[in-house]
Amino acid sequence: MVILISGQGSNMEAVVKACAAEQWPARVSAVISNRPQAPGLALARAHGIATAVVDHTRYAQRADFDHALAAAIDTHQPDWVVLAGFMRVLGAPFVRRYEGRLLNIHPSLLPAFPGLHTHRRALAAGCALAGATVHFVSAELDHGPIVLQSAVPVLAGDTEASLAARVLATEHDIYPQALRRLIHGQLRLQEGLVLATDQQPRWCWAGQEAA
Ligand code: GRF
């Protein structure tokens, strides 16, 4: 796996830890960031993982950035390319290049709230449930085949920050779970939909029952 990050890298670390603790037949070969200052880079190095930076500000054209990013990824010949808090939109040629092995985690119950500010928008819409989605990346932003979803409650008095923290905690559960099952062939992409061959659910609920 090669993991792409832009920030803290907490999802990346959750995957790295689960991969080691559960002895997946896989390893994280590299962590690549588009931001030189991403705190996740130091975290990856602390786990003994090679890191690289492909700084998007150095490329005037999106296609040139995508090309440089693909070159950095392909050095490692990964089976899986894992976007973990990677905050750049990738062009269609890039997405096609890694089709069927490019994954993302998004902090909403897709197809609700693609794009940014998901928690603010979920609160403004009065949602009783929020959550996170692991999905295959397709050319349309935050729209590819859904792998796993986890729902959390929206609680009275929630702020954007408190809801984000609750969702992030469940991201740390479902991203490793999704990758583990994909790597073991227990989840598979078939005709644009994800099939679970292990008879396990593709959703979970990470909250207390409503009063
Ligand atoms: C996560 O909520 C992810 O879903 C979103 O950005 C956050 C990144 O967190 N796109 P981290 O870098 O994995 O800690």
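Here are the numbers:
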quantity	calculated
HIS184 touching a residue at least 12 places away in the same chain (Cβ under 8 Å) and under 17 Å from the mean Cα position of the chain (by Cα)	no
Residue match in the stretch 43-55 (condition: at pLDDT 95 or above, under 23 Å from ASP142 (Cα atoms) and more than 13 Å from the ligand (Cβ to nearest atom))	yes
Filtered residue count, the stretch 58-101, keeping only those that are part of a loop (DSSP other than H, G, I, E, B), of a type in the set (A, V, I, L, M) and in contact with a strand residue (DSSP E or B) (Cβ under 7 Å, 6 or more places away or on another chain)	1
Any hit, the stretch 122-131, residues being outside the structural domain of VAL53 (by TED's automatic domain parsing) and within 12 Å of the ligand (Cβ to nearest atom)	yes
Options GLN77, GLN61; residue that is closer than 29 Å to TRP24 by Cα, assigned by TED's automatic domain parsing to the domain that holds VAL16 and more than 16 Å from the ligand (Cβ to nearest atom)	GLN77
Residue in the stretch 59-73 that is closer than 23 Å to PHE136 by Cβ, of a type outside the set (A, V, I, L, M, F, W, C) and surrounded by fewer than 18 Cβ atoms within 10 Å (Cβ to Cβ) present	yes
The listed residue being within 13 Å of the ligand (Cβ to nearest atom) and either hydroxyl-bearing (Ser, Thr, Tyr) or surrounded by fewer than 13 Cβ atoms within 10 Å (Cβ to Cβ) (or both), out of VAL89, VAL137	VAL89
Test: SER10 is more than 20 Å from THR75 (Cβ to Cβ) and among the polar types (S, T, N, Q)	yes
Among (1) in contact with a helix residue (DSSP H, G or I) (Cβ under 9 Å, 6 or more places away or on another chain); (2) surrounded by fewer than 16 Cβ atoms within 10 Å (Cβ to Cβ), the one test that ASP158 misses	(2)
Residue match in the stretch 3-21 (condition: of a type in the set (Ser, Thr, Tyr) and assigned to a loop (DSSP other than H, G, I, E, B))	yes
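Residue by residue, here is whether (1) touching an Asp or Glu at 6+ places or on another chain (Cβ under 9 Å); (2) under 24 Å from ALA14 (Cβ atoms) holds:
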| residue | (1), (2) |
| --- | --- |
| GLN37 | no, yes |
| ALA44 | yes, yes |
| ALA60 | no, no |
| LEU90 | yes, yes |
| HIS106 | yes, yes |
| LEU116 | no, yes |
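Quick grid of which residues meet (1) among the polar types (S, T, N, Q); (2) under 21 Å from ALA18 (Cβ atoms); (3) not in a helix (DSSP H, G or I):
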residue: GLY144; (1), (2), (3): no, no, yes
residue: ALA156; (1), (2), (3): no, no, yes
residue: ALA169; (1), (2), (3): no, yes, no
residue: HIS172; (1), (2), (3): no, yes, no
residue: LEU182; (1), (2), (3): no, yes, no
residue: VAL194; (1), (2), (3): no, yes, yes
residue: ASP198; (1), (2), (3): no, yes, yes
residue: CYS204; (1), (2), (3): no, yes, yes
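The values are calculated or read from the model by the stated rules, or taken from the named source; none is laboratory data. These numbers come from a predicted model, not from an experiment. No Cβ is skipped: glycine too gets one built from the backbone with ideal geometry, and neighbour counts run over all protein chains shown.
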